[in-house]
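First comes the structure, then the notes that go with it.
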Amino acid sequence: MKLIRNRLLEYGIDPVLTDYLAAIIIIIFIGILCIAANILTKKIVLRIITHIITNNKYEWDNILLERKVFHRLSHIVPALIIYYFASTFPDYQHLIEKGAITYIIVVGLMVINGFLKACNDIYLTFEISKTKPIKGYIQVVQIIVFILGGIVVIANLMGESPFILLSGIGALSAVLLIIFKDSLLGLVAGIQLAANDMVRVGDWIEMPKYEADGDIIDISLNTVKVQNFDKTITTIPSYALISDSFKNWRGMQVSGGRRIKRSLFIDTNSITFCTEEMIEKFKSIQFLSNYITSKEQEIAEYNAKNQINRNNPVNGRALTNIGVFRAYINQYLQHHPGISQEMTLLVRQLAPTEMGLPLEIYAFTNDIRWDIYETIQSDIFDHLFAVAPEFGLHLFQNPSGNDLKNMMGNKDEKSRSRETDSS
């Protein structure tokens with residue numbers, strides 16, 4: 001700066017004005033130098049680094065590039081130049097150095113933050129990330145880094161040692177616990193969720209309390225994001241998955257089978273013993289021919305052995321239409337291509353209700369996809385609704401408006417018929 005001042009004095013410029021002009025020239029020079037260094041770093045050095053990264057066989061360094069870790073590092077160069085030239089302004093040297101160091105610390109924090117995010121992105125490329133997510137731990141490290149960075153910045157601006165400020169944190173521990181309550185709860189919950197393998201990204205969970213019913217798309221320190229099947233997003237506190245109950249459908253997805261549990265309600269007034277005509281008709285049904293033959297032989301042997309008089313149908317054993325229908329459903333499901341034969345398959349009667357006798361189908365499809373599952377289930381019950389009358393059975397249904405209308409019509413017709421007969 002003295003050199004520039006002396007040169008200006010040689011041109012006969014006023015000494016007071018010379019000091020200002022010299023300072024302006026130095027500031028412009030430093031500014032041009034910083035801009036040139038920044039351009040050199042970004043246009044040449046970063047291009048070389050980008051070329052090397054994009055043309056090698058590794059993928060992790062591409063993520064570092066996407067997170068702009070190297071771009072943020074380039075901002076340190078101008079700050080170093082300003083710090084180096086701070087001695088040019090003795091009166092303001094201390095302030096300039098503090099400002100430059102503060103800027104370098106902030107840039108360093110941004111670089112570390114980008115690097116931590118890149119680490120999480122790299123980890124997500126591995127299969128283990130689905131079962132053991134580390135995003136929550138990364139966020140804890142980010143919080144610690146930013147707190148320490150903030151302390152170092154404040155200490156630098158105050159001209160004190162960072163350890164003096166750190167010693168005062170103990171007195172603020174209660175306040176910090178309140179501020180970071182959710183983060184601490186989330187950290188503990190994240191450790192428990194990961195240790196017990198309770199949830200993973202991609203799991204289908206149901207949590208009625210939070211109106212969540214869909215797939216987990218993100219697990220972070222404080223929240224778990226669930227994309228519901230209507231494409232809305234529900235955000236659940238991480239610790240809620242520990243303190244509250246929820247249903248995880250992963251077991252169903254892993255097993256490869258999806259449960260069907262639905263009942264047909266049989267009108268009990270239509271349940272009866274099978275007549276000879278009905279038995280002959282049932283023998284012509286492909287799934288029942290062997291069953292009817294073996295069952296007839298078994299019943300005949302039993303009745304003969306116990307000398308039962310079959311003139312009264314109450315005595316001994318006999319086939320019923322509901323029993324034959326249950327056997328038909330069982331055989332039908334065993335031959336159905338969409339039903340898993342390795343999992344539980346039951347056709348059972350439940351306790352009668354005011355709606356009739358529930359005949360429940362308990363089985364598993366061999367495809368867990370929702371649309372395929374619904375198609376298989378619908379096809380099965382379409383068929384059963386259609387064939388039930390073939391067994392002399394009526395399915396229960398509450399009277400509709402049409403039923404009431406028909407009843408009233410029949411009543412009116414009978415009344416007119418009586419009036420006609422009277423006349």
*Which lysines have a Cα less than 20 Å from the Cα of residue 57, not counting those fewer than 8 places away in the same chain?*
68
*Assigning unit charges at the beta carbon (Lys, Arg +1; Asp, Glu -1) and nothing else, what dipole magnitude in debye, to the nearest 20, does segment 39-138 show about its Cα centre?*
260 debye
_Hull-based mean projected area of segment 173-269, where the convex hull spans the alpha carbons, in square nanometres_ = 9.3 nm²
*Over the chain, give the accessible area per residue in Å² for a 1.4 Å probe, as an integer.*
62 Å²
_Leading residue at positive end of dipole, segment 195-315 (Cβ point charges), from 275, 314, 303_ = 303
*Pairwise centroid distance, computed over Cα atoms, of segment 292-312 with segment 43-64, Å*: 86 Å
*Is segment 106-246 rounded, prolate or oblate when judged by the Cα gyration tensor, a ≥ b ≥ c being the square roots of its eigenvalues, rounded requiring a/c under 1.5 and prolate requiring a/b larger than b/c?*
prolate
*asked:* Amide H of residue 212 versus every other amide H placed in the peptide plane: which residues, excluding those fewer than 5 positions away on the same chain, fall under 5 Å?
replied: 207
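Compute the FRET efficiency between residue 179 and residue 68 as 1/(1 + (r/R0)^6), taking r as their Cβ-Cβ distance and R0 = 30 Å, and round to the nearest 0.05.
0.55
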*Assign one of three labels to segment 237-382, namely rounded, prolate or oblate, based on the Cα gyration tensor with a ≥ b ≥ c the square roots of its eigenvalues; rounded applies when a/c is under 1.5, prolate when it is not and a/b is larger than b/c, and oblate otherwise.*
prolate
_Set of aspartates and glutamates near residue 261 by C-alpha distance (under 16 Å), chain-local residues within fewer than 8 positions excluded_ = 360, 367, 374, 379, 382
*Using alpha-carbon pairs under 8 Å, 6+ residues apart, how would you state the relative contact order of segment 301-397 in percent?*
23 percent
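For the peptides 269-275, 73-79, what is the packing order when you average, over each peptide's residues, the other Cβ atoms within 10 Å and list the highest mean first?
Numbers: 269-275: 15.1, 73-79: 18.3.
The most tightly packed comes first, giving 73-79, 269-275.
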_Distance between modelled label sites at residue 244 and residue 229, nm, 7 Å Cα→Cβ extension_ = 2.0 nm
*Per 10 Å bin from zero, what fraction in whole % of the C-alpha pairs of segment 32-151 is there, up to the bin with the longest pair?*
13, 32, 30, 18, 6, 1
_Using a Förster radius of 25 Å, what is the FRET efficiency between residue 293 and residue 379 based on their Cβ-Cβ separation? Nearest 0.05, please._
0.30
*Per residue of the chain, what 222 nm ellipticity follows from adding -39500 (n - 2.57) for every DSSP H run with n ≥ 4, rounded to the nearest 500?*
-18000 deg cm²/dmol
*asked:* Computing the accessible area with a 1.4 Å probe over protein heavy atoms, can you report the carbon and sulfur percentage for segment 135-286?
replied: 61 percent
*Relative contact order of the chain: what whole-number percent is it, with Cα pairs under 8 angstrom and at least 6 residues apart?*
10 percent
*Which of rounded, prolate, oblate describes segment 80-148, given a ≥ b ≥ c as roots of the alpha-carbon gyration tensor eigenvalues and a/c under 1.5 marking rounded, otherwise prolate only if a/b is larger than b/c?*
prolate
*Which of the lysines could be linked to residue 283 by a straight reach, that is with a Cα gap under 28 Å, when you skip same-chain ones fewer than 8 residues away?*
295, 305
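With charges only on Cβ, +1 for K and R and -1 for D and E, what is the dipole size of segment 83-231 about its Cα centre, in debye, rounded to 20?
Dipole about the Cα centre, nearest 20: 200 debye.
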*Going toward the positive end of the dipole of segment 100-221, with +1 on Lys and Arg Cβ and -1 on Asp and Glu Cβ, which of 196, 220, 109 do you reach last?*
109
*asked:* Using the Cα atoms of the chain, I'd like the radius of gyration and the largest Cα-Cα distance, Dmax, both in angstrom.
replied: 41.0, 143
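Given +1 on the Cβ of Lys and Arg, -1 on the Cβ of Asp and Glu, and no further charges, what dipole in debye does the chain carry about its Cα centre, rounded to the nearest 20?
1020 debye
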_Residues residue 334 and residue 305, FRET efficiency given R0 of 35 Å [Cβ-Cβ distance, rounded to 0.05]_ = 0.70
*Relative contact order for segment 193-312: what is it in percent, counting Cα pairs under 8 Å that are at least 6 residues apart?*
14 percent
*Among 359, 337, 245 the positive-end extreme of the charge dipole of segment 233-391 (Cβ point charges)*: 245
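The values are calculated or read from the model by the stated rules, or taken from the named source; none is laboratory data. Predicted model, so just to flag it, every value in this text is computed and none were measured. When we count neighbours, we look across all protein chains shown, and the Cβ atoms used for this are built from the backbone with ideal geometry, even at glycine. These accessible areas exclude ligands, DNA and RNA; they are computed on the full protein's heavy atoms, side chains included. Shrake-Rupley method; radii C 1.70, N 1.55, O 1.52, S 1.80 Å.
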